[in-house]
1. What's the number of the only condition in (1) in a helix (DSSP H, G or I); (2) in contact (Cβ under 8 Å) with a residue 60 or more places away in the chain that B:Leu354 fails to meet?
2. Just to be sure I understand, how many residues within segment A:34-46 are away from chain B (no Cβ under 14 Å), at pLDDT below 90 and at negative phi?
3. Quick check on my filter: what residues within segment A:92-105 are more than 10 Å from chain B (Cβ to nearest Cβ) and not in a helix (DSSP H, G or I)?
4. Given the condition in contact with an Asp or Glu (Cβ under 6 Å, 6 or more places away or on another chain), within 28 Å of B:Leu121 (Cα to Cα), at pLDDT 90 or above and more than 14 Å from every other protein chain (Cβ to nearest Cβ), answer yes or no: does some residue in segment B:205-226 qualify?
5. Say we look at segment A:186-201 and pick out the residues that are hydrophobic (A, V, I, L, M, F, W, C) and free of Cβ contacts under 8 Å to residues at least 60 places away in the same chain; which of these is surrounded by the most Cβ atoms within 10 Å (Cβ to Cβ)?
6. Tell me the residue from B:Ser289, B:Ser262 that is in a helix (DSSP H, G or I) and either touching a Pro at 6+ places or on another chain (Cβ under 9 Å) or within 14 Å of another protein chain (Cβ to nearest Cβ) (or both), please.
7. Just give me the residues in segment B:175-189 being without any contact (Cβ under 8 Å) to a residue 40 or more places away in the chain and in a helix (DSSP H, G or I), in sequence order.
Amino acid sequence: MNETVIHIEKLSVSYGSSLILEEVSADFPRDRITVILGTSGCGKTTLLKSILRLIEPRAESLNMLGEEVLQLNEEEYNSLIRKTGVLFQNGALLNSVSILENVSIPLEQHTTLSIPLIREIASRKLELVGLGHAGDKLPGELSGGMKKRAALARAMALDPQIMFCDEPSAGLDPVTSLKLDELILSLKNQLKMTFVIVTHELASIHRIADHIIFLEKGHVLFSGSKEDALSSQIPELLHFFQSGSFQ
Amino acid sequence: MIPLELQEGTLKLQGEIGRSTLPVIEKEVSRLQKKAPEPIQRLDLSEVEQLDSAGAVFLHRLSAQLQLPLENVPAEISGVLEIFSRAAEEGPLATGERNLLVRAGEHAFASLTFLFRILVLTSDIFAASFRGIYETKRRRRGSVTQQAVQLGLNAFGIIALLSFIIGLILAMQGAAQLRQFGASIFVADLIAVSMVREMGPMMTAIIIAGRSGSAIASEIATMKISEELDALKMMALDPVHYVIAPKFMAITFTMPMLVMISIVTGMAGGLVLGVTYLDLPASAYILESFYFLTVQDLMVGLSKSVFFAWVIVIIASYYGLQASGGSEGVGRSTTSSVVVSIFAVIVLDALFSLLFLI
C-alpha cells in the first residue's frame, strides 16, 4: 500500500550562480497527501516545478510513476504528464475562453470523444468543484477561490493519478481555504489520487497533510509522517509549527 | 547655529541630527576634517537629543570612516542607532560596477544567445505551422480563423485609411515636380510602382507590427507571467503549436490581402488627387497606372510582405516568451517587440530593394 509514486535522488537546481536546491532526495507515497513545507524562498515551488520538468534540474534519479522523467523524449514525457494534473498558484486558466472550455481543452486535445460528450464531462467536473452554474463565465469574472476551483477541475479533466498543487490556499480567506481543503480530501479519498502540495498555511497542513517534506535553504531537513513532524525536535521545524499557534 | 563643535580633538554633536540638519553637519564635519588644527580623536554624542534614520546612518558612516567609536550615546537615541547599525555591518552594498571587458563580453554573449534562441524559435514555429496544416487537432478549433480576424481583418480599416492618405501625399509631392514638365500623367506611374513595390508592403508591415505585433507580444507575455504557458505544457500541449502557430498561419495568408488593400486604396488616393487637382481624366489615369506595372512587381511586393509578417510574428513571440517579472515585464516585452520588429522590417526592406535592383 505504501508504495512510492515519485522518487527523487540528489536533485539540484541553480539559477545562474545561486544554488536553489542542493542534492534534495525525497519520496512521495501513493494515495497520500504529501506537503512540501518551508519558509518563503526555500525552494518549494522550484522543487515542484523541477519534478514536472518545467525547470530543468540535475538529478541522479527523478522517477515518477516508474519512469525516469529526465530521460524521456518529448512524446514519452507528454504521455507521462497526461497522468498528472497541476494546480498553479493563480490558477493559470486561459483567460480568453470560458471556464467550461478551459476544462474541455485537455479532453479535446488528448481524446477522440465527441464534443457534446466532452462538454458533459467538463460540466460534471465543474459541478464536482461546485462551479456547475458558472461554466460560461470567463476566468476574469471569477473570484480568487472560484478560479482555483476551476483550475482544479481542469487539472482533473483527464483523471490524473498525481495532482500537484502550488500554494492552493494562498490568498484565500480561511473559510474558502477550508472548503478547498475539504475538496482536496474528498478527491483523495474518493478518487484515490496522490497529492503533492506546496504550502505554508499551518491550518491547511494540519487538516490535510499525511506526509511532510520540510525544506530549508535548498536542503531537506525533514521527511516523514505528519505525526513525526509535529513531535520532531528539529529546531527549524519546531519554530515553524510554533510560530503559527495561538497560545 | 551649527549643532557641533570641536574641542581638544573631541567632536561634540548637539541637538537634532536628522534629514533637516544633516546637510549642514556633513559640510561642517568635512570642513573640520580638512582645516581643523588637530585631528578628530573622539566622537561624543552626549548632547544629541533627536536622531532619525538618516542621522543614524550618517553617524555609523562617520564612525567607520574615522575608525572611532561613538561615545556617550544617550539612552533616547540608542534604539534608533542600534537598529540601523545592523544593516551597516553587513558589509558595503554591491556597487554593480563591472569593467569594460566584462560588459563587452556580456553583450556579445547576450547577442549570441538572442540569435540562437531566435533561430530555434523560428524553426519551431515553422515546423509547428507546417504540421498544423494537416494536424488540425493540435490547436483549438477555429483558432486560425479567429486569429485571422483579429490580426488581419480588424486592421483593414486603419490600413485602408492610411494608405489612401499616403497615396494622396505621394501624388501631391510628385505632381508638384512633374507638372513643371507637363508630365502630370506620370503621377499615375509613380504612385502605382511605389505603392506596389515599396509603400504598400512596408506601410502594412509597420502598421501590423505596431498593431498586431504588440498584441501578440503582450498576449504571450501575459500568458507566460500568469503561468498559462506552463499550464499548457502540463496539459501536454505545446505552446508553440497551441498559441503561436495559429497566429503564424493566420498572418501568412492575411498579410498579402492587406497589402492588396493597401495598394488599391493608395492608388485610389493618387487617382483622387489626379482627377481633382491635376484635372486628369480618370480613365487615362487608370490606364496609365497599369501601363508600367508588371506581374513581377506585384509578386515581389506580396512575397516581401509575407516575409515581413513572419518576422513580425517571430519577434513578437520571442519577446513574449522572454517576458519575466510582473505587469512591467509585459510592457517591456511589448515595447521591445514593436521597436525591434519595425527596425527589422525596414532593414529587410532595404535588403530586398538591393536584391531586386541587381
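The values are calculated or read from the model by the stated rules, or taken from the named source; none is laboratory data. Note that the structure is predicted; figures quoted are calculated from it, not measured. No Cβ is skipped: glycine too gets one built from the backbone with ideal geometry, and neighbour counts run over all protein chains shown.
1. If we test B:Leu354 against (1) in a helix (DSSP H, G or I); (2) in contact (Cβ under 8 Å) with a residue 60 or more places away in the chain, just (2) comes out false.
2. 5
3. Hit for segment A:92-105 is A:Ser98, nothing else.
4. The answer is no, given that none of the residues of segment B:205-226 is in contact with an Asp or Glu (Cβ under 6 Å, 6 or more places away or on another chain), within 28 Å of B:Leu121 (Cα to Cα), at pLDDT 90 or above and more than 14 Å from every other protein chain (Cβ to nearest Cβ).
5. A:Leu187
6. It is B:Ser262.
7. Result: B:Ala176, B:Gln177, B:Leu178, B:Gln180, B:Phe181.
Residue-by-condition table, conditions (1) of a type outside the set (Gly, Ala, Ser); (2) surrounded by 24 or more Cβ atoms within 10 Å (Cβ to Cβ); (3) modelled with pLDDT of 90 or more; (4) assigned to a helix (DSSP H, G or I):
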| site | (1), (2), (3), (4) |
| --- | --- |
| B:Ala236 | no, no, no, no |
| B:Val240 | yes, no, yes, yes |
| B:Ala250 | no, yes, yes, yes |
| B:Leu258 | yes, yes, yes, yes |
